[in-house]
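Colleague: Have a look at this one.
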Amino acid sequence: MSEIRIAAETRSEFGKGAARRARRAGFVPGVVYGHGHAPVHLNLPGHDLMMALKTPNALLVVPIEGKDEYVLPKAVQREAIKRTIEHVDLLLVKRGEKVTVEVPVHAEGELAPGGNLLEHVLQALPIEAEATHLPEAVTVSVEGLEAGASIHAKDITLPAGVTLAVEADAVVLHVVAAQAAPAEEAAEAEAGAEA
């Protein structure tokens, strides 16, 4: 995963009023913490941050006290209606440090014929990897799987240097048979609704 450089400025004003002023000016208030350092409060450019956070577990590079530091988004607060970013918590990480994150699970291939459905039991897989080498997603083949088949965490091939942060027997994907009502029952239900 590539690093995304974001120009940020340290903020000295706190509270709702200061946060509103920052948002009106196109910035998102944020805080960086971790590694025993005192929290550092920042204003980050709103558009750049929104674009960076479209990538899961984006590794951001922000200037803190004159030095570029690696950070990972830990918590993102969004406005309920417009879904704009209101605040972001960033976790300070070091090159070579192992971190635990969740990566999206993508399924590829066609299930066995017969109207089977794929259920994502885990939308994201918890993994542990080096902070500067996080995978964007893991891909799982579901080609030809029949109803009742499951893919467990241990069945997923992970990139080098990545380990599971969940039980190996945890179900990630499960194939279920489609529940279709017989044609007669459907016709009776429709007739009853019309009457």
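The values are calculated or read from the model by the stated rules, or taken from the named source; none is laboratory data. These numbers were taken from a predicted model, which means no experiment stands behind them. Cβ coordinates were reconstructed from backbone atoms using ideal geometry, including for glycine residues, and neighbour counts include every protein chain displayed. In case anyone asks, the SASA skips ligands and DNA or RNA and just uses the protein heavy atoms, side chains included. Shrake-Rupley method; radii C 1.70, N 1.55, O 1.52, S 1.80 Å.
Colleague: Mind checking which residues of region 55-92 are over 25 Å from residue 12 (Cβ atoms) and crowded, with 19+ Cβ neighbours inside 10 Å?
Modeller: 57, 58, 59 - these are the residues of region 55-92 that are over 25 Å from residue 12 (Cβ atoms) and crowded, with 19+ Cβ neighbours inside 10 Å.
Colleague: Next question, about the same structure. Against the conditions (1) more than 22 Å from the chain's Cα centre (by Cα); (2) part of a loop (DSSP other than H, G, I, E, B), where does residue 81 fall short? Just the number, please.
Modeller: Every condition holds for residue 81 apart from (1).
Colleague: Follow-up. Report yes if some residue within region 1-17 is open to solvent by less than 80 Å² (accessible area, probe 1.4 Å), at pLDDT 90 or above and either among the β-branched types (Val, Ile, Thr) or closer than 23 Å to residue 93 by Cβ (or both); otherwise report no.
Modeller: yes
Colleague: Which condition number does residue 75 fail, the rest of (1) outside any strand (DSSP E or B); (2) modelled with pLDDT under 90 being met?
Modeller: Here residue 75 clears every test but (1).
Colleague: Among the acidic types (Asp, Glu) and either open to solvent by 80 Å² or more (accessible area, probe 1.4 Å) or at pLDDT below 90 (or both) - does that describe any residue in region 162-174?
Modeller: Within region 162-174, one or more residues are among the acidic types (Asp, Glu) and either open to solvent by 80 Å² or more (accessible area, probe 1.4 Å) or at pLDDT below 90 (or both).
Colleague: In region 99-114, which residues are surrounded by 13 or more Cβ atoms within 10 Å (Cβ to Cβ) and either in a strand (DSSP E or B) or free of Cβ contacts under 8 Å to residues at least 24 places away in the same chain (or both)?
Modeller: Across region 99-114, the qualifying residues are 99, 101, 102, 103, 104, 105, 107.
Colleague: In region 92-130, how many residues are farther than 22 Å from residue 179 by Cα and either more than 15 Å from the chain's Cα centre (by Cα) or hydrophobic (A, V, I, L, M, F, W, C) (or both)?
Modeller: Summing the residues that are farther than 22 Å from residue 179 by Cα and either more than 15 Å from the chain's Cα centre (by Cα) or hydrophobic (A, V, I, L, M, F, W, C) (or both) in region 92-130 gives 17.
Colleague: Further, regarding this structure: Which one of the conditions (1) under 30 Å from residue 94 (Cα atoms); (2) out of contact with any Lys or Arg (no Cβ under 6 Å at 6 or more places or on another chain); (3) of a type outside the set (A, V, I, L, M, F, W, C) does residue 148 fail to meet, given that it meets all the rest?
Modeller: Unmet for residue 148, out of (1) under 30 Å from residue 94 (Cα atoms); (2) out of contact with any Lys or Arg (no Cβ under 6 Å at 6 or more places or on another chain); (3) of a type outside the set (A, V, I, L, M, F, W, C): (1).
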